[in-house]
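Asker: Please read through the structure below; I'll follow up with questions.
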């Protein structure tokens with residue numbers, strides 16, 4: 001039976017995922033109530049299908065954006081609506097069935113116990129993971145820990161995580177980025193800069209083949225260029241923040 005919460009909800013940004021999104025949503029609903037989906041301008045009919053699903057499921061809410069704006073923009077739309085009705089935390093997960101619905105209760109309970117932390121999933125890969133994706137994220141993780149002077153972000157790109165809504169919304173509204181593929185890593189770095197403790201929890205990830213319903217919108221050149229620009233900005237900003245970050249690091253080490 002799904003655990004119900006008045007403070008924590010599951011938020012699924014979704015863009016043209018195909019039929020696999022129904023598996024994702026049903027899996028999330030099996031373990032948590034409520035679950036919200038933000039349909040980010042999908043043109044594959046899944047917005048209409050999810051709305052029909054929500055008609056018979058009071059624990060599911062579907063928000064539809066008229067045009068595609070990117071994962072970060074979809075998350076911002078969702079957390080703004082969630083905050084307006086009293087929710088304080090969201091667990092984000094992708095709509096393509098890569099993330100483990102069975103881990104939702106563990107992540108949520110850790111967030112409930114440590115509400116001022118950001119709960120970060122650390123991916124456990126199986127043989128389905130593309131080698132280039134596994135190796136590529138190591139560089140992003142290394143740079144992120146340089147930007148945060150080693151505060152302990154174990155993975156920057158795994159989108160299965162729990163955010164405090166107020167902190168994430170404030171971070172996003174202060175600058176124009178974090179709206180597309182740069183959302184997950186920049187959110188982790190900026191929330192650590194803000195003073196939130198990163199809590200890392202291992203969780204499996206699977207990459208479905210096309211014949212299994214797998215869909216990927218990752219563009220190697222475009223999205224890596226976006227990550228490069230993001231880390232360039234963050235490194236220069238980290239240099240400005242270095243004295244404060246070093247002081248916070250030293251203070252946390254003494255605890």
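The values are calculated or read from the model by the stated rules, or taken from the named source; none is laboratory data. None of the values given here were measured: they were computed from a predicted structure. All Cβ positions, even for glycine, are placed from backbone atoms using ideal geometry, and neighbour counts span all protein chains on display.
Asker: Look through 245, 234, 208, 226 and report the one residue that is at pLDDT below 90 and more than 30 Å from residue 21 (Cβ to Cβ).
Answerer: When all the criteria are applied, what remains is 245.
Asker: Return the residues of segment 42-58 that are in contact with a strand residue (DSSP E or B) (Cβ under 7 Å, 6 or more places away or on another chain) and either surrounded by fewer than 18 Cβ atoms within 10 Å (Cβ to Cβ) or assigned to a helix (DSSP H, G or I) (or both); say none if nothing qualifies.
Answerer: Correct list: 46, 47, 50, 51, 53, 54.
Asker: Which of the residues spanning segment 144-160 are more than 23 Å from residue 8 (Cβ to Cβ) and crowded, with 19+ Cβ neighbours inside 10 Å?
Answerer: If the condition is that a residue be more than 23 Å from residue 8 (Cβ to Cβ) and crowded, with 19+ Cβ neighbours inside 10 Å, then 144, 147, 148, 151 are the ones that fit.
Asker: Which one of these does residue 163 not meet: (1) modelled with pLDDT of 90 or more; (2) buried (at least 17 other Cβ atoms within 10 Å of the Cβ); (3) part of a helix (DSSP H, G or I)?
Answerer: Evaluating residue 163 over (1) modelled with pLDDT of 90 or more; (2) buried (at least 17 other Cβ atoms within 10 Å of the Cβ); (3) part of a helix (DSSP H, G or I) leaves (3) as the failure.
Asker: Taking residue 127 as meeting all but one of (1) touching a strand residue (DSSP E or B) at 6+ places or on another chain (Cβ under 9 Å); (2) outside any strand (DSSP E or B); (3) farther than 27 Å from residue 76 by Cβ, write down the number of the exception.
Answerer: Among (1) touching a strand residue (DSSP E or B) at 6+ places or on another chain (Cβ under 9 Å); (2) outside any strand (DSSP E or B); (3) farther than 27 Å from residue 76 by Cβ, residue 127 violates only (1).
Asker: Please indicate, with yes or no, whether at least one residue in segment 76-95 is in contact with a helix residue (DSSP H, G or I) (Cβ under 8 Å, 6 or more places away or on another chain) and more than 24 Å from residue 195 (Cα to Cα).
Answerer: Checked against the condition, which is being in contact with a helix residue (DSSP H, G or I) (Cβ under 8 Å, 6 or more places away or on another chain) and more than 24 Å from residue 195 (Cα to Cα), segment 76-95 yields at least one hit.
Asker: Scan segment 120-143 residue by residue and report those that are touching a residue at least 60 places away in the same chain (Cβ under 8 Å), closer than 28 Å to residue 195 by Cα and surrounded by 14 or more Cβ atoms within 10 Å (Cβ to Cβ).
Answerer: 120, 121, 122, 123, 136, 140, 143, listed by residue number.
Asker: With (1) under 24 Å from residue 203 (Cβ atoms); (2) out of contact with any strand residue (DSSP E or B) (no Cβ under 8 Å at 6 or more places or on another chain) as the list, and residue 7 as the residue in question, which single condition is left unmet?
Answerer: (2)
Asker: Looking at segment 1-36, which of the residues that are assigned to a loop (DSSP other than H, G, I, E, B) and closer than 22 Å to residue 73 by Cα is nearest to the chain's Cα centre (by Cα)?
Answerer: If we take residues in segment 1-36 being assigned to a loop (DSSP other than H, G, I, E, B) and closer than 22 Å to residue 73 by Cα, then 15 is nearest to the chain's Cα centre (by Cα).
Asker: Please determine whether any residue of segment 97-115 is at pLDDT below 95 and under 13 Å from the mean Cα position of the chain (by Cα).
Answerer: Checked against the condition, which is being at pLDDT below 95 and under 13 Å from the mean Cα position of the chain (by Cα), segment 97-115 yields at least one hit.
Asker: Test residue 184 against the criterion of being surrounded by 14 or more Cβ atoms within 10 Å (Cβ to Cβ), within 21 Å of residue 221 (Cβ to Cβ) and touching a strand residue (DSSP E or B) at 6+ places or on another chain (Cβ under 9 Å), and give yes or no.
Answerer: Criteria met by residue 184.
Asker: Scan segment 97-114 and report the pairs whose first residue is surrounded by 14 or more Cβ atoms within 10 Å (Cβ to Cβ) and whose second residue is part of a loop (DSSP other than H, G, I, E, B), with Cβ atoms within less than 6 Å and a gap of 6+ or a chain change.
Answerer: Sorted first by the residue in segment 97-114, then by its partner, the pairs are 98/206; 99/93; 99/160.
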